[in-house]
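We did not get these values from a lab; they are worked out from the coordinates using the rules stated. On a predicted model such as this, the values are computed, not experimentally measured, just so you know. Cβ atoms come from the backbone with ideal geometry, glycine included; neighbour counts cover every protein chain shown.
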Amino acid sequence: MGYSLKNKKILITCGPTWVPIDAVRVVSNISSGALGQRVALDCARSGAKVTLLEGPVAVPLSSRSIRILKFCFFDELQKLLKQELRKDIDAVIHAAAVADYKLKRPVRHKLASAKKTLRLEFVATPKLIRTVKRLAPKAFLAGFKLEPHISRKSARRKARELFREADCDVVVANALTARGYKGFILDKDDALLASAAGRAKMSKALVRILSEQL
């Protein structure tokens with residue numbers, strides 16, 4: 001790949017996050033974690049010291065060169081993220097698909113399956129990406145916006161929202177379409193740093209940008 005991240009400490013999150021409904025049921029999302037896993041591998045190959053916070057993905061990553069910490073639930077990711085951000089981190093790639101809502105009152109027992117209807121009340125979860133610059137103000141932060149469809153114009157609009165919300169250094173606005181993965185990387189000045197069709201190309205673009213910035 002030709003880019004060096006030698007000895008840079010990089011924290012990456014990936015995969016879905018669960019929130020409980022009752023003692024056996026959860027709300028999740030369709031994130032595979034594949035992009036975050038690939039970025040972790042590419043960063044490690046470029047010499048970085050990588051820690052991956054990996055959610056409940058269908059195909060877990062296995063790598064001796066990467067420190068992998070597992071989580072399933074939102075609260076577990078929140079705890080791990082705060083724990084790792086208190087260390088000396090050079091960059092954070094926050095690619096996990098974090099749950100935006102949780103049940104207002106999760107049920108501790110198993111809800112009866114005989115119910116014909118079930119009404120659940122959700123409340124917003126804290127935005128974990130906002131804690132990154134607060135706990136690690138010097139770390140380079142890449143945030144992610146996943147949309148059903150994305151274009152260069154909508155990517156810029158979505159990126160601006162995340163820059164305002166979390167003080168990211170770059171934003172990856174991406175989508176999974178019928179034709180596959182598509183994404184754009186933008187900076188605070190609204191400049192398009194890269195566009196990619198496919199996770200492999202997006203990962204390489206991110207590693208290139210990290211090597212230029214760190």
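Here are a few things to note about the model shown:
- Listed residues 63, 106, 91: farthest to the positive end of the dipole of region 36-183 (Cβ charges): 106
- Amide H contacts of residue 68: 52, each under 5 Å away and 5 or more positions distant or on a separate chain (H built 1.01 Å from N in the peptide plane; Pro and chain starts excluded).
- For region 115-214, the set of GluC sites (Glu not before Pro) satisfying both a DSSP loop assignment and a count of at most 16 other C-beta atoms within 10 Å is given as 121.
- Think of the chain as having a plus end and a minus end, set by charges on the Cβ of Lys, Arg, Asp and Glu; of 26, 200, 52, 26 sits farthest toward the positive end of this dipole.
- Ranked list, fewest to most other Cβ atoms within 10 Å of each Cβ, for 10, 30: 30, 10
- Cα-centre dipole for the chain with unit charges at Cβ (Lys and Arg positive, Asp and Glu negative), debye to 20: 340 debye
- Label-to-label distance, nm, for residues given as residue 87 and residue 120 (7 Å Cα→Cβ offset): 3.3 nm
- Considering only region 9-213, percent of DSSP beta bridges that pair antiparallel, nearest 5: 40 percent
- Based on every Cα atom in the chain, Rg and the maximum pairwise Cα distance Dmax equal 17.6, 59 Å.
- For the chain, the membrane-span-like helix rule (DSSP H, alpha carbon extent of at least 20 Å along the helix axis, mean Kyte-Doolittle at least -0.5) picks out 199-213; this says nothing about an actual membrane.
- Beta bridge orientation in region 130-204: antiparallel %, DSSP, nearest 5: 70 percent
- Binning the alpha carbon pair distances of region 1-62 at 5 angstrom intervals from zero yields the distribution 4, 18, 23, 17, 14, 10, 6, 4, 2, 1, expressed in whole percent.
- Net charge of the neighbourhood of residue 72, taken over other residues with C-beta under 14 Å away and scored Lys/Arg +1, Asp/Glu -1, is +1.
- Rounded to the nearest 20, the Cβ-based charge dipole of region 35-136 about its Cα centre (Lys and Arg +1, Asp and Glu -1) stands at 480 debye.
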